[in-house]
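Below is one structure, written out as structure tokens; comments come after it.
The values are calculated or read from the model by the stated rules, or taken from the named source; none is laboratory data. Computed from a prediction, not measured in an experiment: that's the story for all the values here. Every residue, glycine among them, receives a Cβ derived from its backbone with ideal geometry; neighbour counts consider all protein chains shown.
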Amino acid sequence: MTNPSVDSPLIKKDEFRANGITIVSTEFVGKLNFRCFSENTLILSKIKNITGINLPLNAGEVYGNNEFRIQWLGPNEWIIQCANDEKLNLINNIKSELAQEHYSITDVSDYYLTIRMSGKNSNEILSKGTALDLKSYIFNKDMCAQTYIAKATVLIDRLSNEPMYDISVRWSYAEYLWEWLVDAAYEFTE
Amino acid sequence: MINRNRLFSGGLIDRNILIKFKFNGKPLQGYQGDTLASALLANDIHLVGRSFKYHRPRGILTSGSEEPNALVQLGKGAETEPNARATEIELYDGLEASSQNCWPSVNHDIGALNNLFSRILPAGFYYKTFMWPPSMWMFYEYFIRRAAGLGEAPKEKNPSRYEQKFFYCDVTVVGAGVNGLTAALTAARAGASVLLVDEKPELGGYLLNAKSRINNLDTKKWIKDTVKELMALENVTVLNRTAATGYYDYNYVTALQKITNHLPNSLSKQPRERFWRIRSKEVILAQGAFERPLVFSGNDRPGIMMASSAQTYVNQYGVLPGNAVTLFTNNDHAYSVAVDLISKGAKVIIVDIRSNISEKIRKLCEQNKIETYISHAVIKTDGSKKISSITVQELSEDKQSFVGEAVTIGTDLLLMSGGWNPAVQLFSQSRGKLKYDDQISSFIPDVLVDNQAVIGSNNGDFNLKQSLMSSYEAGLGAAHRTGNKQEVENFINDANEPIEFITAEVVPYVLGSKPVTHGSKHFIDFQNDVTAADIFLAQREGYVSVEHTKRYTTTGMATDQGKTSNVNALALMSHIQQKPVGDVGHTTFRPPYVPQTFGAIAGRNVDQYFDPQRLTAIHEWHIDNGAVFEDVGQWKRPYFYPKKVETMTEAVNRECIAARASVGILDASTLGKIDIQGPDAAKFLNLIYTNAWSKLEIGACRYGLMCNEHGMVFDDGVTTRLGENHYHMTTTTGGAARVMSWLEEFLQTEWLDMKVYCTSVTEQWTVLSICGPNSRKLLASLTEDDISNEELPYMRMKEAKVCGVDARIFRISFTGELSFEINVSARYGRYVWDKVIEAGKKFNITPYGTETMHVLRAEKGFIIVGQDTDGSATPSDLNMDWIVSKKKEDFLGKRSFLRPDTAKNGRKQLVGLLINDKKTVVPEGSHIVEEVSKQPPMKMEGHITSSYFSPTLGHPIAMAMLKNGKARNGDLVKIPLMNGKVVEATVTENVFYDKAGARQND
């Protein structure tokens, strides 16, 4: 049997460029929804041991290192990102380390697809559809927020203070959101 | 000079750039910087349109957004815009505009007959006249709408782009007159992020036109310097051509920015307009004031204009709208207009209604050789399409009678000034409270809302120096309160105006040559043709509340929202009711402050962006294979897959038979899926579902019903135990989000001690549902794992590799056939689907859509929540008592089963129906009636919830909610159809096919 091939609505999208805007789809990475009681210090320290980073405890914080990136979704909910082929290892590590604790870990690697948008006009595009205040002194590097862009719910993760965002969107809305972003960039096209 | 009324110099227009335009088909010319109104006046065109009701000739009253008269139809075809205010349209090359509400032309308008009959067309005429008989209203309405109308809406799709923008800042300043500029600059210098919006192209407001001085500079120079500094600051956003349209709670302000409206045939990729949604910590209103008309007989003719507007046309546009000018006033400030006009060569006479004028004003008139008629009134005007003369007469001390003889004076421009009304509309929208100020005879801000300031004439402060000082304070205060503490030196040293506006008494109406209620035309609301007589009538007929007067007379309605009329109407009501204006009160001000296009409100939420389409991983395959789609919530689901010449019925019949005879495949990815983990998961499910979950084995699946607190079914689905404390729940496609919220609500608000986490995984999984007698053979060819009935029996789940991909295979069935639901990660969904289709060819695998799914499940009597239920059915009503645990101590909805109405016999209950003629497919929603009569009403005893032709059985089947249905097996029922036929049906069980379930269990 041949190797199974992967597909997504964004895989076929060519990189989109306009004046001060670049929109690309990112490759599949491991995305694990992790939930636990944030005052369970044992879990916190185990996660630190496994990933090398702390679970962020303040609203909208993102912590990352070379291997992992952890996004705060709520007081007891995070997304842990890892390389695609590290995913199973990570799940197994967490399961074996936390066996007796109350937590949940759920693979949502395909639930979300991620669009990366960068360039100096990115905020102009996003502010057409999101009520988030994107000023870099308010929503800065390594912050994330769950919000709407137009009519799709998204998780926006700011990767740098020069505008660069990873926008995670539910698979079923990915086509809509990509087209919406490209449409919103119309006034910046040649 | 190309224009008859154009001055040789002066103004902010660019005389080097000639602009060609057409008005009513006539080619005309203006300059860059003109508005349509200024260009028309430059060409000595005063007759611009016809009034709303009486079709009276009307001209240009103002120079701003408050314009009630000069409404034109702008542009042609798809881009045409009705009711555009000539005063707000910037002139561009190729502009075409025409008068509206006139036929055949503005000069010869048949509708003007209304004016002759105006005595019998008072306020309330339509209400009183067209009441009877009620059935004729639709007929009358057609003609009334034809006769009384504004412009015409475009009939084609709007080709323009409109965008929206969310914006945040510390301080928003509305209005860039000198006060707004001062406040904005102060706040900005203190370090605040500032947004400054102004509806005009040119910042500076009214004082662009006046001969005032700030810091010993000509105001124009001061404005230029200030704007320049603001523009250069990084923390300041300046938007011209942007009107704040709405002011909502917590300093949420909306604004409409015009971007390409003023550009000829724009090829720009910029949107035509951008709608701003602004949230700022502080709002400073500096919108200025509107000059108030005077209510005198014949005050609406073309050539009658607000005094300050004439000043604007002279000073800003270099247009002198008339040469023999009369100025009718009740205040000092208007005298400055006279001086300006005289300096441009006009001859000006002043009629002042006041008994005395000050020594200063008297000297000014002497110096400028202005002829004055003090204690006089304009009692009559003449001129059919433009004013030609006025008649003035001296008034008695109490203004209630005449003394002396009437004098007729030739004039080609009559200016009026009744004082100034602060533009309090936006302030009032914000819930700020107003009070009546006796000195200026108008409403001014009284009680502010939080984090707000109102400055300048907007606040009733007409003294230039004092108001600038307050504006500085307001800017500094706003900056400080938003945490910007830098000290800013007061940069206003001195300021003065030649003649200040201090006081004006409101004049309810000026005595005319005819009594006000007997055919004189004292217009109060120009746009709606409301006269003083109409206000009298409304008071006589008992419409004494301001809201009633407004609606009865239409004062203050339509595009100008009474910006020129409201205070005069209130003053007249006060006069008639003999009580202070403040006690009469004012009507409620609502958004939008100025007319706003629907396009801007919609933004890009149009076409494909109006509502998102949710797509599965298999979507392209469905398209390639000719699927017709059905909308299920936002999802696009294949409805059926017609082959070339098939009808829907043929396609569905073919799909149904294939699924029962060999193998069918359905994309079931849209089902809601929720991953549930935690030691209390089983306990949680026991409370959420009506049946018992404690003993479900790992790997086993169970169907469950969820009820709300009222005991009514609100979702269903199969939940599978994946591990010790780990469950996979499925929900209906449309109910997924609702169920997720429901679970979280109980976990977060009721059962805080429960150790359970829920995570939505709907899109993580692509679900391929294969069913039919050959489905096991097909699946076996794609997996090396054992999927025999022993290893994977009905209602079990197994993790296996399918086509080399990790999968969860659920043996569950919504069709009653042997069925496997194959779940794979979405990224592999399409790959596995293709492989299944390929391998399925030898079984003639048939893709089927939601309609076939519905038929197959109905044959089995499976309900669809939301189709067979409507939020008022209990499990028992659905004949599903078997799924309600009798042993469980509690679950959501249980309590309500004990309520008398829920527990009573004879409720509407789910039954099956066999149609007696064996051929009619009764429309879903049809009523079952006790007795058929010739026409409704008939006593109803139930309704059809599901109805199909069953190709397997060869006859129609239906399900219905029928009163006392459970006890009526075998009864004959009658179903009258819309076409008059009556269908008879026999009540039966709702399982029509394979009652024993042998096929699915096999």
Residues of the stretch A:112-124 being touching a strand residue (DSSP E or B) at 6+ places or on another chain (Cβ under 6 Å) and either more than 10 Å from chain B (Cβ to nearest Cβ) or part of a loop (DSSP other than H, G, I, E, B) (or both), which ones?
-> A:Thr114, A:Ile115, A:Arg116, A:Met117, A:Ser118, A:Gly119, A:Asn121
Evaluate the following for B:Val106: is it assigned to a strand (DSSP E or B), assigned by TED's automatic domain parsing to the domain that holds B:Asp34 and either within 18 Å of B:Gln32 (Cα to Cα) or touching a strand residue (DSSP E or B) at 6+ places or on another chain (Cβ under 6 Å) (or both)?
-> no
Identity of the residue in the stretch B:429-455, under 35 Å from the mean Cα position of the chain (by Cα) and under 17 Å from B:Arg292 (Cβ atoms), that ends up surrounded by the fewest Cβ atoms within 10 Å (Cβ to Cβ) | B:Asp437
Given the conditions (1) under 24 Å from A:Tyr63 (Cβ atoms); (2) at pLDDT 95 or above, every one holds for A:Ser172 apart from (1)
What are the residue pairs meeting all of these: first residue in the stretch A:76-104, first residue farther than 24 Å from A:Ile167 by Cβ and within 11 Å of another protein chain (Cβ to nearest Cβ), second residue crowded, with 16+ Cβ neighbours inside 10 Å and hydroxyl-bearing (Ser, Thr, Tyr), Cβ atoms under 7 Å, and 6 or more apart or on different chains?
-> A:Ser104/B:Tyr757; A:Ser104/B:Thr759
Which one of B:Phe714, B:Phe684, B:Phe629 is touching a helix residue (DSSP H, G or I) at 6+ places or on another chain (Cβ under 8 Å) and either part of a helix (DSSP H, G or I) or among the hydroxyl-bearing types (Ser, Thr, Tyr) (or both)?
-> B:Phe684
Pull up the stretch B:606-629, narrow it to residues that are farther than 18 Å from B:Val767 by Cβ, facing chain A (nearest Cβ under 9 Å) and surrounded by 15 or more Cβ atoms within 10 Å (Cβ to Cβ), then point me to the one that is farthest from the chain's Cα centre (by Cα).
-> B:Gln613
How many residues, within the stretch A:130-160, are of a type in the set (D, E, K, R) and either within 8 Å of chain B (Cβ to nearest Cβ) or closer than 21 Å to B:Lys281 by Cα (or both)?
-> 3
May I ask you to list the residues in the stretch B:640-670 that are out of contact with any Phe, Trp or Tyr (no Cβ under 9 Å at 6 or more places or on another chain), part of a loop (DSSP other than H, G, I, E, B) and either within 14 Å of chain A (Cβ to nearest Cβ) or of a type outside the set (A, V, I, L, M) (or both)?
-> B:Pro642, B:Lys643, B:Lys644, B:Thr647
Scan the stretch A:136-164 for residues that are at pLDDT 95 or above and among the hydroxyl-bearing types (Ser, Thr, Tyr) and report the count.
-> 4
Please verify whether the stretch B:266-281 includes one or more residues that are away from every other protein chain (no Cβ under 14 Å) and either on the phi < 0 side of the Ramachandran plot or assigned to a strand (DSSP E or B) (or both).
-> no
Look through A:Ser109, A:Ser127, A:Ser172 and report the one residue that is under 23 Å from B:Gln608 (Cβ atoms), at the interface with another protein chain (Cβ under 10 Å from one of its Cβ atoms) and in contact with a helix residue (DSSP H, G or I) (Cβ under 7 Å, 6 or more places away or on another chain).
-> A:Ser172
Matching strands (runs of 3 or more DSSP E) fully within the stretch B:354-417 where at least 1 residues are surrounded by fewer than 19 Cβ atoms within 10 Å (Cβ to Cβ) and among the aromatic types (Phe, Trp, Tyr) | B:402-410
Mind checking whether some residue in the stretch B:630-639 is more than 33 Å from the chain's Cα centre (by Cα), closer than 30 Å to B:Arg738 by Cβ and within 14 Å of chain A (Cβ to nearest Cβ)?
-> no
So which residues in the stretch B:59-75 are part of a loop (DSSP other than H, G, I, E, B) and either touching a Pro at 6+ places or on another chain (Cβ under 9 Å) or in contact (Cβ under 8 Å) with a residue 60 or more places away in the chain (or both)?
-> B:Gly59, B:Ile60, B:Leu61, B:Thr62, B:Ser63, B:Gly64, B:Ser65, B:Glu66, B:Glu67, B:Pro68, B:Asn69, B:Gly75
Quickly run through the stretch A:1-31 and pick out the residues that are in a loop (DSSP other than H, G, I, E, B), in contact (Cβ under 8 Å) with a residue 60 or more places away in the chain and more than 9 Å from chain B (Cβ to nearest Cβ).
-> A:Leu10, A:Lys13, A:Asn19, A:Gly20, A:Thr26, A:Val29
Within the stretch B:641-657, track down each residue that is surrounded by fewer than 19 Cβ atoms within 10 Å (Cβ to Cβ) and among the β-branched types (Val, Ile, Thr).
-> B:Val645, B:Thr647, B:Thr649, B:Ile657
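One line per residue, one yes/no per condition, for (1) closer than 26 Å to B:Ile535 by Cα; (2) not polar (S, T, N, Q):
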| position | (1), (2) |
| --- | --- |
| B:Leu116 | yes, yes |
| B:Lys128 | yes, yes |
| B:Ala153 | no, yes |
| B:Asn158 | no, no |
| B:Gly191 | no, yes |
| B:Leu203 | no, yes |
From the list B:Lys380, B:Lys386, B:Lys435, which one is in contact (Cβ under 8 Å) with a residue 40 or more places away in the chain, under 22 Å from B:Ile502 (Cβ atoms) and of a type in the set (D, E, K, R)?
-> B:Lys435
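Matching residues to (1) at positive phi; (2) more than 11 Å from chain A (Cβ to nearest Cβ); (3) in contact with a helix residue (DSSP H, G or I) (Cβ under 8 Å, 6 or more places away or on another chain); (4) surrounded by 24 or more Cβ atoms within 10 Å (Cβ to Cβ):
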{"position": "B:Ala800", "(1), (2), (3), (4)": "no, yes, no, no"}
{"position": "B:Val805", "(1), (2), (3), (4)": "no, no, yes, no"}
{"position": "B:Ile812", "(1), (2), (3), (4)": "no, yes, no, no"}
{"position": "B:Glu821", "(1), (2), (3), (4)": "no, yes, no, yes"}
{"position": "B:Ala839", "(1), (2), (3), (4)": "no, yes, yes, no"}
